[in-house]
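> Have a look at the structure that comes next, please.
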Amino acid sequence: MVHFVGAGPGAPDLITLRGAELLKTADTVIYAGSLVNPALLALCKTDCAIYNSAEMTLEQVLAVIEAAERAGGTTVRLHTGDPCLYGAIREQMDALDSLGIPYDDTPGVSSFCGAAAAVQAEYTLPGVSQSVVITRMAGRTPVPEREAIAAWAAHGASMVIFLSAGMLEELQAELLKGAYTASTPAALVYKATWPEEKVVRCTVDTLAETGRKHNIRKTALVLVGSFLAPDYQRSQLYNPSFSTEFREASR
Ligand code: SAH
């Protein structure tokens, strides 16, 4: 059996209870060494076989899993944040299906949630934006043309841009082609929830300059949108003049 597990954004106590339990009992752990906090490996059994997938191909990962299965053990495949975002889990699941190896998936706290916590913000503010766009700039992995940053930026919604801290100059130009203006608030969040976390607030037109100044080139998220500004409307849910399923309006 293979358990895909979300490790969370960095702080070791942000893994789920279920994820921690699976790590404690696994015979083999394959972790994404580029971003998973190695402190989590302290949970593993002393005789657990541990592999760093940053140095492996998909074929090598599968070979380790197959050998572990033959030996009758369980494998944890530990991905950073939540495995469903930029985790390359689909190709592993499909391969496991072909090999007849069962698996399940334990979600984790994605770094976009860790970043919101770091800036103490809410992406979905009434009167500002009710949508969060999670996307990336094209790198070695292409992005479909219809999903270009400029196309998303046209909505002016809250945006979280992954895997793009090394391309801030290009990102800034793309964002300005949409509904954002030079003064739309933005933030760079480096290693959210790690001890070395850095949060730098800026505006869309100063993203590249801010990245250079604070030496942020990787392991960072770019947050963009008016959810980072002071103005919004209060919620209806907690408004005294609104009745809900659980509470009568007071007047
Ligand atoms: N599955 C992960 C994302 C993996 S892609 C998740 O749910 O978060 C790797 C990218 O995620 C990095 O390039 C960076 O943009 C972002 N990232 C991962 N952990 C991060 C963290 N703690 N702080 C800021 N960005 C992070």
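The values are calculated or read from the model by the stated rules, or taken from the named source; none is laboratory data. Just so we're clear, the structure is a prediction, and the values are computed from it rather than from any experiment. Reconstructed Cβ throughout: ideal geometry from the backbone, glycine too, with neighbour counts over all protein chains shown. All accessible areas refer to the heavy atoms of the entire protein, side chains included, with ligands and DNA or RNA removed. Shrake-Rupley method; radii C 1.70, N 1.55, O 1.52, S 1.80 Å.
> Here is a list: Gly19, Gly127. Which entry is within 16 Å of the ligand (Cβ to nearest atom) and touching a residue at least 12 places away in the same chain (Cβ under 8 Å)?
Gly19
> For the range 174-197, how many residues meet the condition of being surrounded by fewer than 21 Cβ atoms within 10 Å (Cβ to Cβ) and assigned to a strand (DSSP E or B)?
1
> Got a sec? Which of Arg146, Arg136 is among the basic types (Lys, Arg) and within 16 Å of the ligand (Cβ to nearest atom)?
Within the list Arg146, Arg136, the selection yields Arg136.
> Of everything in the range 1-14, what is open to solvent by less than 10 Å² (accessible area, probe 1.4 Å) and either more than 20 Å from Leu221 (Cα to Cα) or of a type in the set (Phe, Trp, Tyr) (or both)? Give them in sequence order.
Answer for the range 1-14, where residues must be open to solvent by less than 10 Å² (accessible area, probe 1.4 Å) and either more than 20 Å from Leu221 (Cα to Cα) or of a type in the set (Phe, Trp, Tyr) (or both): Val2, Phe4, Val5.
> Is it fair to say Tyr31 is at pLDDT 95 or above, of a type in the set (Phe, Trp, Tyr), open to solvent by 20 Å² or more (accessible area, probe 1.4 Å) and away from the ligand (no atom under 13 Å from the Cβ)?
No, not satisfied.
> Filter the range 198-224 down to the residues that are within 16 Å of the ligand (Cβ to nearest atom) and either open to solvent by 70 Å² or more (accessible area, probe 1.4 Å) or among the polar types (S, T, N, Q) (or both) and list them by number.
Result: Lys198, Arg201, Thr210, Asn215, Arg217, Lys218, Thr219.
> Take the range 207-231 and flag every residue that is over 26 Å from Gly33 (Cβ atoms), at pLDDT 95 or above and in a loop (DSSP other than H, G, I, E, B).
Of everything in the range 207-231, those that are over 26 Å from Gly33 (Cβ atoms), at pLDDT 95 or above and in a loop (DSSP other than H, G, I, E, B) turn out to be Gly225, Ala229.
> Regarding the range 37-54, can at least one residue be identified that is touching a Pro at 6+ places or on another chain (Cβ under 7 Å) and among the β-branched types (Val, Ile, Thr)?
No, every residue in the range 37-54 fails to be touching a Pro at 6+ places or on another chain (Cβ under 7 Å) and among the β-branched types (Val, Ile, Thr).
One line per residue, one yes/no per condition, for (1) open to solvent by 20 Å² or more (accessible area, probe 1.4 Å); (2) of a type outside the set (A, V, I, L, M, F, W, C):
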{"residue": "Thr16", "(1), (2)": "yes, yes"}
{"residue": "Ala20", "(1), (2)": "no, no"}
{"residue": "Lys24", "(1), (2)": "yes, yes"}
{"residue": "Tyr51", "(1), (2)": "yes, yes"}
{"residue": "Ala54", "(1), (2)": "yes, no"}
{"residue": "Val64", "(1), (2)": "yes, no"}
{"residue": "Gly72", "(1), (2)": "yes, yes"}
{"residue": "Thr75", "(1), (2)": "no, yes"}
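> Pairs needed: first member in the range 22-40, within 16 Å of Tyr103 (Cα to Cα) and polar (S, T, N, Q); second member anywhere, open to solvent by less than 50 Å² (accessible area, probe 1.4 Å) and away from the ligand (no atom under 13 Å from the Cβ); C-beta distance under 7 Å; at least 6 residues apart or different chains.
Taking only residues 6 or more apart or on different chains, the pairs are Thr25/Thr74; Thr28/Cys48; Thr28/Ala49; Thr28/Val64; Thr28/Ala68; Thr28/Gly73; Thr28/Thr75.
> So which of Arg146, Arg136 is of a type in the set (Lys, Arg) and surrounded by 17 or more Cβ atoms within 10 Å (Cβ to Cβ)?
On inspection, the qualifying residue turns out to be Arg136.
> Name the single residue that is farthest from the ligand (Cβ to nearest atom) among those in the range 158-173 being open to solvent by less than 10 Å² (accessible area, probe 1.4 Å) and not in a helix (DSSP H, G or I).
Going through the qualifying residues, I end up with Ser158.
> Ok, one more. I'd like the full set of residues that are in contact with a Phe, Trp or Tyr (Cβ under 6 Å, 6 or more places away or on another chain) and open to solvent by less than 40 Å² (accessible area, probe 1.4 Å), limited to the range 86-115.
Ile89, Leu96
> Within the range 237-249, is there a residue that is away from the ligand (no atom under 16 Å from the Cβ), touching a residue at least 40 places away in the same chain (Cβ under 8 Å), open to solvent by 30 Å² or more (accessible area, probe 1.4 Å) and more than 30 Å from Gly10 (Cα to Cα)?
No, the range 237-249 contains no residue that is away from the ligand (no atom under 16 Å from the Cβ), touching a residue at least 40 places away in the same chain (Cβ under 8 Å), open to solvent by 30 Å² or more (accessible area, probe 1.4 Å) and more than 30 Å from Gly10 (Cα to Cα).
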